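A short write-up of the structure that comes next.
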Amino acid sequence: MNYWLVRKQVRDGSLIRLRPGWYATPIADPVAVEAVRMGGALGCVSALRHHGLWVPPGYERVHVRVSKHGRREVAKFCHGYGTATPVVTAIDSVPVALGTAAKCMTDEDWITVCDSALNSAGWTIPDLQLHMGVVPEQLRALMRKCDPKSQSGTESLTRLRLRAAGFTVHVQPDIPDVGWVDLRVGRLLIECDSERHHTSLENYRNDRRRDRNALLGRWLTMRITYDDVLYGWHDVLEDIRAITRADRHRIRP
C-alpha cells in the first residue's frame, strides 16, 4: 500500500478513514461503512439483504460481525458457531452471513433466506456448508428442510408452515394446461402472489387464463398475498383446512 498516496487521498476527501487500516470512498455503501466503523464487517442478516436475498421483516437493525480479536459485546455484535473467522472484507459473503444469521433469526426465517440463496444466487447446500465454517448438526437439519425450487420468501414460508401442520406439499409442480404453480396440496393449487409480479396487465391476464384452465381441469386454485402469509396466516391456514376437511382437495380418478 502506498501510504503517502492514502494520506493524500484522505486529505483531499477522496478517501475517508473509518478505523486503522480501513478506508472508504465517499460513495461507499453507508450501511457497510457504519459496520466497519463499529469495528467489524457488515454481516448476518444485513449482509444477506445486501446480497439481494429475500429477508423477512423484523431484522432492520444493522448486523455487524467481528473477528475473534474484535470487541465481543453480546448485545452489539453477531456471532456464528465456532471460532470467528477473520474480518478481511467490509461485507461478509453469503455463506459466512448465513452461518452468523442462524443465531439471530428464527428457524423458519433462516430456512427461507437459505432457500433464497439456493434459488436466486446459485448456491448449493454443499457449497454453502463448505464456506460457512463450523456447521453444527442443528443447522444441517434445517438445511435438509430447504428447497431450491422455492421462488419467493412467501412461497417458502407457506411450504414450511403447511408441512409443519401435517400437509403433503409439492413445490413448483407442472400442471397440464396450467403450467408451473407455486405449491400443490392434493388438487388444491396455491399461488403466492406478490404485488411486484402480479399487477402488470400481462400477468393479470395470464393469471386469470391459468385459473380458468385449472378449473376446467378440476383443480382448485387459492391465491394468497404477502400480507396473507406474513400477517394473516391463521386465517389462510383455517381456509386450507376447511377445504381439506371436506376432502375437496383429494385427487380422484
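Points worth noting:
- Single unsatisfied condition, residue 171 versus (1) under 24 Å from residue 221 (Cβ atoms); (2) open to solvent by 40 Å² or more (accessible area, probe 1.4 Å); (3) modelled with pLDDT of 95 or more: (2)
- Against the conditions (1) surrounded by 15 or more Cβ atoms within 10 Å (Cβ to Cβ); (2) within 14 Å of the chain's Cα centre (by Cα), residue 121 satisfies every one except (1).
- Every listed requirement among (1) touching a His at 6+ places or on another chain (Cβ under 6 Å); (2) on the phi > 0 side of the Ramachandran plot is met by residue 133 save one, (1).
A quick yes/no check of all residues on (1) more than 26 Å from residue 235 (Cβ to Cβ); (2) touching a residue at least 40 places away in the same chain (Cβ under 8 Å); (3) in a helix (DSSP H, G or I):
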site: 146; (1), (2), (3): yes, no, no
site: 150; (1), (2), (3): no, no, no
site: 161; (1), (2), (3): no, yes, yes
site: 202; (1), (2), (3): yes, no, yes
site: 205; (1), (2), (3): yes, no, yes
site: 210; (1), (2), (3): no, no, yes
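Per-residue answers, yes or no, for (1) surrounded by 13 or more Cβ atoms within 10 Å (Cβ to Cβ); (2) under 22 Å from the mean Cα position of the chain (by Cα); (3) modelled with pLDDT of 95 or more:
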| residue | (1), (2), (3) |
| --- | --- |
| 140 | no, yes, yes |
| 150 | yes, yes, yes |
| 162 | yes, yes, yes |
| 183 | yes, yes, yes |
| 208 | no, no, no |
| 213 | yes, no, no |
| 218 | no, no, no |
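- Residue 122 satisfies every condition listed in (1) part of a loop (DSSP other than H, G, I, E, B); (2) touching a helix residue (DSSP H, G or I) at 6+ places or on another chain (Cβ under 7 Å) except (2).
- Which listed residue, of 100, 89, 112, 85, is open to solvent by 20 Å² or more (accessible area, probe 1.4 Å) and at pLDDT 90 or above: 89
- Given (1) open to solvent by less than 20 Å² (accessible area, probe 1.4 Å); (2) closer than 27 Å to residue 182 by Cα; (3) touching a residue at least 40 places away in the same chain (Cβ under 8 Å); (4) not hydrophobic (A, V, I, L, M, F, W, C), index of the condition residue 40 fails: (2)
- Search result, residues across the stretch 10-25 that are open to solvent by 60 Å² or more (accessible area, probe 1.4 Å), over 33 Å from the mean Cα position of the chain (by Cα) and closer than 22 Å to residue 88 by Cβ: 20
- Test: residue 127 is without any contact (Cβ under 8 Å) to a residue 40 or more places away in the chain, open to solvent by 70 Å² or more (accessible area, probe 1.4 Å), of a type in the set (Asp, Glu) and under 23 Å from residue 148 (Cα atoms): no
- Helices (runs of 4 or more DSSP H) fully within the stretch 1-70 that include at least 2 residues being closer than 30 Å to residue 113 by Cα: 30-37, 44-50.
- For the stretch 185-197, a tally of residues being over 18 Å from the mean Cα position of the chain (by Cα) and either exposed (fewer than 13 other Cβ atoms within 10 Å of the Cβ) or in a helix (DSSP H, G or I) (or both) returns 0.
The values are calculated or read from the model by the stated rules, or taken from the named source; none is laboratory data. These figures come from a predicted structure and were not determined experimentally. For neighbour counting, all protein chains shown are included, and Cβ atoms are generated from backbone atoms with ideal geometry for every residue, glycine included. We work out accessible area using only protein heavy atoms, side chains counted, and drop any ligands, DNA or RNA first. Shrake-Rupley method; radii C 1.70, N 1.55, O 1.52, S 1.80 Å.
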